[in-house]
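All remarks here apply to the structure that follows.
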Amino acid sequence: MNVQGEAFRTIFLADDGWRVTIIDQTVLPHQFQLLHLSSLSDMATAISDMQVRGAPLIGAAASYGMALAMREDTSDTMLANAYNTLLATRPTAVNLHWALNEMKAVLVAIPESQREQLAYQKAAELCDEDVAICSAIGDHGCQLIESLWEKKKQEKQKEKTTSSAQAVNILTHCNAGWLATVDWGTALSPIYKAHNAGIPVHVWVDETRPRNQGFNLTAWELGQHGVPHTIVVDNVGGHLMQHGQVDMCIVGTDRTTRSGDVCNKIGTYLKALAAFDNHIPFYVALPSPTIDWSIRDGVADIPIEERSSREVTHIVGLTKQGNTEEIQIAPDNSAAINYGFDVTPARLITGLITERGVASRGVNNANSKDDADLEQSLGQLFPEKSSNDNLSLNGSLK
């Protein structure tokens, strides 16, 4: 995607062919800074400190973390240490588990002398696969946006007015754009595809407290690509929906159960409730590695990351002097808690946009409390996964 007119991926190899280059997302939008990572420790820190974040990108970064580890030491001991170190960085995103299992399966099966080269090769393949998946998600999601656009034009024609139909207004939450993946993004990929196709879109961007990833990341990347957008505080979404200013919601996910429960950035559940109450389509865009086929009940079985309370009590901004500075916004003696994610039950979700198509109960049935149709639809898209009721997270039988 575009940064000041230049195409970038979020992760790639440096000119030396072995260091891993990332965009430091902790300093956006005020600085665009590339970091060169040269060790397993560097990558583990980058993931845990959220210099790279977003479920697909975490998986891609972890795969390159394994490659960096193999450059340091190709032994079985290092392989196990790298796997466990990277697995511990972020507990919620299932892509992390998936990518590490993919890397481990390849590396344990070959001699130590071949591990470094193959690790870099496999990591590059996983990154290219993520780009292809996200592009396909964009194609399928773009069709939904185009349908809404055609519907709005038809409604204008029925009103017998000469005024043109307004843009398709889409509300999103957190950052599920290209910064959260290797390229294109998940929730924003359909928006980029629609914009590129000439369909007028406008995005309502939630600030997404406490880390402000809507403010800092989504608004920045939409602006870089020229997509019209407006930033709103987190609690405005319901008001916009009540007044007919939201045509659809599209969010991402860090883990999705086989039944269609979705774990995404904290605050997603409340947006889904508001959309449900106002009969607004609520879609989730996800690559298939984000689906955890081993569980059905997201509320009971998905671990929710609890991050530092400092992210709640402090905030980072740009001073008049042009410097970024962290300031305290909470009283000294007030406790704070910082859950990173919440779970949106499948009954609130209109459809799941995947690289193979849209798993959906249909907009007309969006108020159904029966989740079986969504699970069945998802299973029809991925029969090789859904057919095994005993599939565990690492792909082996329980």
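The values are calculated or read from the model by the stated rules, or taken from the named source; none is laboratory data. Everything numeric in this text was worked out from a predicted model, so none of it was measured. Cβ sites come from the backbone with ideal geometry, for glycine too, and all protein chains shown count toward neighbours. Ligands, DNA and RNA are excluded from the accessible area calculation, which covers all protein heavy atoms including side chains. Shrake-Rupley method; radii C 1.70, N 1.55, O 1.52, S 1.80 Å.
If you go through the stretch 4-26, how many residues are within 19 Å of the chain's Cα centre (by Cα), of a type outside the set (Val, Ile, Thr) and either open to solvent by 70 Å² or more (accessible area, probe 1.4 Å) or farther than 22 Å from Tyr192 by Cα (or both)?
In the first step, residues of the stretch 4-26 are kept if they are within 19 Å of the chain's Cα centre (by Cα); the result is 8-12, 22-26.
Okay, now just the ones that are also of a type outside the set (Val, Ile, Thr), so 8-9, 12, 24-25.
Narrowing the set further to residues that are either open to solvent by 70 Å² or more (accessible area, probe 1.4 Å) or farther than 22 Å from Tyr192 by Cα (or both) leaves 9, 24.
Going through the stretch 4-26 one residue at a time, the tally reaches 2.
Given the residues Asp234, Asp254, which is the only one that is in contact (Cβ under 8 Å) with a residue 12 or more places away in the chain and over 15 Å from the mean Cα position of the chain (by Cα)?
Among Asp234, Asp254, only Asp234 is in contact (Cβ under 8 Å) with a residue 12 or more places away in the chain and over 15 Å from the mean Cα position of the chain (by Cα).
One line per residue, one yes/no per condition, for (1) without any contact (Cβ under 8 Å) to a residue 12 or more places away in the chain; (2) part of a helix (DSSP H, G or I); (3) under 22 Å from Ile23 (Cβ atoms); (4) open to solvent by less than 30 Å² (accessible area, probe 1.4 Å):
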site: Ala44; (1), (2), (3), (4): no, yes, yes, yes
site: Ile47; (1), (2), (3), (4): no, yes, yes, yes
site: Leu79; (1), (2), (3), (4): no, yes, no, yes
site: Ala82; (1), (2), (3), (4): no, yes, no, yes
site: Arg90; (1), (2), (3), (4): no, no, yes, yes
site: Ile110; (1), (2), (3), (4): yes, no, no, no
site: Ser113; (1), (2), (3), (4): no, yes, no, no
site: Leu118; (1), (2), (3), (4): no, yes, no, no
site: Glu125; (1), (2), (3), (4): yes, yes, yes, no
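Residue count for the stretch 311-343 satisfying the condition of being on the phi < 0 side of the Ramachandran plot, over 23 Å from the mean Cα position of the chain (by Cα) and not aliphatic (A, V, I, L, M): 15.
Can you find, within the stretch 92-108, the residue that is surrounded by the fewest Cβ atoms within 10 Å (Cβ to Cβ) among those that are in a helix (DSSP H, G or I) and among the β-branched types (Val, Ile, Thr)? Outline the logic, then answer.
Initially, the stretch 92-108 is screened for residues in a helix (DSSP H, G or I), giving 94-107.
From the residues that got through so far, the ones that are among the β-branched types (Val, Ile, Thr) too are 94, 106.
Working: Val94: 25, Val106: 18.
So the residue we want is Val106.
Residues that are part of a helix (DSSP H, G or I), open to solvent by 40 Å² or more (accessible area, probe 1.4 Å) and over 18 Å from Gln25 (Cβ atoms) do not occur anywhere in the stretch 206-228.
Go through the residues of the stretch 176-195 one by one and say whether even a single one is of a type in the set (D, E, K, R), over 27 Å from Ala62 (Cα atoms) and open to solvent by 40 Å² or more (accessible area, probe 1.4 Å). Full working, then the answer.
First, pick out the residues of the stretch 176-195 that are of a type in the set (D, E, K, R): 183, 193.
Adding the requirement that they be over 27 Å from Ala62 (Cα atoms) leaves 193.
Restricting the remaining residues to those that are open to solvent by 40 Å² or more (accessible area, probe 1.4 Å) gives none.
No, every residue in the stretch 176-195 fails to be of a type in the set (D, E, K, R), over 27 Å from Ala62 (Cα atoms) and open to solvent by 40 Å² or more (accessible area, probe 1.4 Å).
Just checking, how many residues over the stretch 349-363 are in contact with a helix residue (DSSP H, G or I) (Cβ under 9 Å, 6 or more places away or on another chain) and open to solvent by 60 Å² or more (accessible area, probe 1.4 Å)?
To start, the set of residues in the stretch 349-363 that are in contact with a helix residue (DSSP H, G or I) (Cβ under 9 Å, 6 or more places away or on another chain) comprises 349-362.
Add one more test, that the residue is open to solvent by 60 Å² or more (accessible area, probe 1.4 Å), and what stays is 356.
Count: 1.
Here the strands (runs of 3 or more DSSP E) wholly within the stretch 255-348 that include at least 2 residues being open to solvent by 20 Å² or more (accessible area, probe 1.4 Å) and either modelled with pLDDT under 95 or closer than 23 Å to Ile133 by Cα (or both) are 314-318, 324-328. Among the residues of the stretch 239-253, those identified as open to solvent by less than 20 Å² (accessible area, probe 1.4 Å) and in contact with a helix residue (DSSP H, G or I) (Cβ under 8 Å, 6 or more places away or on another chain) are Met241, Val246, Met248, Cys249, Ile250, Val251, Gly252, Thr253. Could you tell me whether any residue of the stretch 57-72 is assigned to a loop (DSSP other than H, G, I, E, B), modelled with pLDDT of 95 or more, open to solvent by 30 Å² or more (accessible area, probe 1.4 Å) and not hydroxyl-bearing (Ser, Thr, Tyr)? Looking through the stretch 57-72, none of the residues is assigned to a loop (DSSP other than H, G, I, E, B), modelled with pLDDT of 95 or more, open to solvent by 30 Å² or more (accessible area, probe 1.4 Å) and not hydroxyl-bearing (Ser, Thr, Tyr).
Screening Leu148 with (1) surrounded by fewer than 24 Cβ atoms within 10 Å (Cβ to Cβ); (2) of a type in the set (A, V, I, L, M); (3) in contact with a helix residue (DSSP H, G or I) (Cβ under 9 Å, 6 or more places away or on another chain); (4) modelled with pLDDT of 95 or more gives one miss only, at (3). Cβ-Cβ distance below 6 Å, separation of 6 or more or different chains: which pairs start in the stretch 170-191 with a residue that is touching a residue at least 24 places away in the same chain (Cβ under 8 Å) and end on one that is aromatic (Phe, Trp, Tyr) and open to solvent by less than 10 Å² (accessible area, probe 1.4 Å)? Close Cβ pairs satisfying both conditions: Trp184/Trp178; Gly185/Trp178.
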